[in-house]
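What follows is a set of notes on a single structure, which appears directly below.
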Amino acid sequence: MDQPGVVIVGAGHAGFTAAASLRQKGYAGAVTLVTAEDDLPYQRPPLSKGYLAGSIGGQRLAFRPADFYERRRIDLRRGDPAEWIDREAKALILSSGQSLRYDRLVLATGSTPRTAALPGAGLDGVFRLHSRADADALRERLAVAHHLVIVGGGFIGLEIAAHARGQDKDVTVVESTDRLLGRAVSTATSAFFHATHLSWGCRVLLGSPVAGLVGDGTGRVRGVRLQEGSVLHADLVVVGVGARANTELAERSGLSVDNGVVVDAGLRTSDPHVHAIGDCARYPSGGRTVRYECVENAVGQAHAVAEELTTGRPQNYRRIPSFWSDQQDLKLQIAGDSTGHDRAVLQGDPAEGSFAVRCFQGATLVAVESVNRPSDHVSARQQLQPA
C-alpha cells in the first residue's frame, strides 16, 4: 500500500459511507473506522420508525454484516471512543490509549439529542432516542406504558407519537412554540400534521413550556408539570427537543468550531489534514454557513471526501439537503431548505392526505415539501440541485 492511510471517527451514515466509498472508488491505502459503540455500524433513522415499530429487525438495521469490513480491508475499531487528536504527530488517540497514525483524518462524529435541562430529567421512565440501545429500552417500556407525554413537537417526537397512537396509548405532545415542526416546515405543512395527529387521537399542547418532570417518590416519573402549573399524568416521557453537533473532539484538538466543526467548501477543517462531514460539519452554502442533520447530506459529503482522497482532485460540496419522516400512513419528504422563505404555494388538497408546498424566497424556489407525493419530491430534487 503506497497511498496514505485514512482514519474515520464515527460510524453513522457519514462515517460508514466514507469508508465504503473509499474502497469502492479504488482507494488502496489503509482505512480505519472508529466507533464508540460496540454494535456493528447501523442506521439511526429507522430507530424512531420501523425499528421502534418492530417491522425492521436488528440485522436490517446494520449497514453491512461483520465480514464486509474484513473483505473490504476496513479496520473496524468498536467500543473505543476517540479522545483527542495529536495534530502535530497526525495521530488519533483512543480511550484505550492506542494511537492511530493518519495522513488524512475524517470527523464524522454526528449529533446527539439535546438533554432537557429540567428538574426530574433523570427519573426512571424518561427517555431520549439516539442509539439502538435507547430504542430497545423505549420499545420495551412503551409496551407496558399507558400514558405517554412527548416533550417537543419535532420529527422524532411526532414519529413516536404516531407509533404510540397506533398502539392505542394515551399520547400528549407538548411543544413550547406556537406550531409543530416549526423549525423545519411551512405553516401549511405544520397545520396539516397538527390536524392529523388530533384526528389520530393525540392531544397536542402548543405554546406550553415544561417546568419539570414529577416523580412518584420511588424514582419513577408520574407526570410533566407545565409552566402554567398543571401536571400531565405520564408513566412514560420522551424528550425530543433537537440535537447538537458532536464537536467535543474537534474542540479539544484546537479545530475551529461554531455550532459544528467549521469546514470550507471542500469539507476541510482549519487543519488541512482533517475533514469533517455529516451532522457535525458546518459548511458554506448559498452565501451563509449551514449544518444539516440528514442522511442525504451525510452520504453526499462522504462520497465527496472519498473522491478527493482517492483521486487527489479537490471537491466542492454543493448538493441540496433532503429530509423525510414516516408517520403512520404518511410520508413527508422535503427537498431543499425553506429557512427564511417568504411565500408558499400549496398544490393538491391536504384533506386528501396528498399535497405539496413549494417555498420561495422572492422568485426563487428554495424548498418543496410533499406528503405522499414521491414523484413531486423526485422532481423537486432535480429542479433544486445546483448545476
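The values are calculated or read from the model by the stated rules, or taken from the named source; none is laboratory data. All values derive from a computational prediction rather than experimental measurement. With ideal geometry, Cβ positions are generated from the backbone for all residues, glycine too; neighbour counts draw on all protein chains shown. When the accessible area is computed, the model is the full protein with side chains, heavy atoms only, and any ligands, DNA or RNA have been set aside. Shrake-Rupley method; radii C 1.70, N 1.55, O 1.52, S 1.80 Å.
For region 132-238, applying the loop criterion from DSSP together with a ceiling of 15 other beta carbons within 10 Å to the trypsin sites (Lys or Arg not before Pro) yields R183. Placing a pseudo-label 7 Å from each Cα along the Cα-to-Cβ vector at T311 and A195 gives an inter-label distance of 4.8 nm. Springs between alpha-carbon pairs under 10 angstrom, Gaussian network model over the chain: which of G58, G266, G125 fluctuates most? Checking each option, the largest mean-square fluctuation is seen for G58. Per-residue packing, averaged as other Cβ atoms within 10 Å, sorts the ranges 208-215, 16-23 into the order 16-23, 208-215, beginning with the highest.
Net charge near Q385, counting Lys/Arg +1 and Asp/Glu -1 over other residues with Cβ under 9 Å of its Cβ?
For residues surrounding Q385, the net value is +3.
For region 329-387, the gyration tensor built on C-alpha atoms gives an oblate shape. Its axis ratio a/c (a ≥ b ≥ c) is at least 1.5, and a/b is not larger than b/c. Counted residue by residue at 0.36 nm each, then reduced by the alpha carbon distance between them, the extension gain from E352 to S379 reaches 7.6 nm.
The heavy atoms of H194 present about 50 square angstrom of accessible area, all protein chains included, probe 1.4 Å.
If R0 equals 35 Å, the separation of the Cβ atoms of A66 and T339 corresponds to a calculated FRET efficiency of about 0.30. When the chain is treated as a GNM with alpha-carbon contacts under 10 Å, the residue of N316, N246, N297 showing the greatest mean-square fluctuation is N316.
Tell me the carbon and sulfur percent of the accessible area for region 252-387, rounded to whole percent, probe radius 1.4 Å.
C and S fraction of accessible area: 48 percent.
Summing Cβ point charges (Lys, Arg +1; Asp, Glu -1) relative to the Cα centre of region 229-317 gives a dipole of roughly 200 debye. Sorted largest first by accessible area at a 1.4 angstrom probe radius, with every protein chain in place, the residues K25, K90 fall in the order K25, K90.
Taking amide H atoms as placed 1.01 Å from N in the peptide plane, the amide H of L76 lies under 5 Å from those of L33, each 5 or more residues away in sequence or on another chain.
For GluC sites (Glu not before Pro), the sites in region 42-130 that DSSP calls loop and that have at most 10 other Cβ atoms within 10 Å are E88.
Accessible surface of Y69, taken over heavy atoms with a 1.4 Å probe and every protein chain present, rounds to 10 Å².
Accessible-area rank, largest first, for D103, D168: D168, D103, with all protein chains present and a 1.4 angstrom probe.
Can you list residues whose amide H is under 5 Å from R282's amide H, if they're 5+ apart or on another chain and H is modeled 1.01 Å from N? HN-HN under 5 Å from R282: V261, V262, V263.
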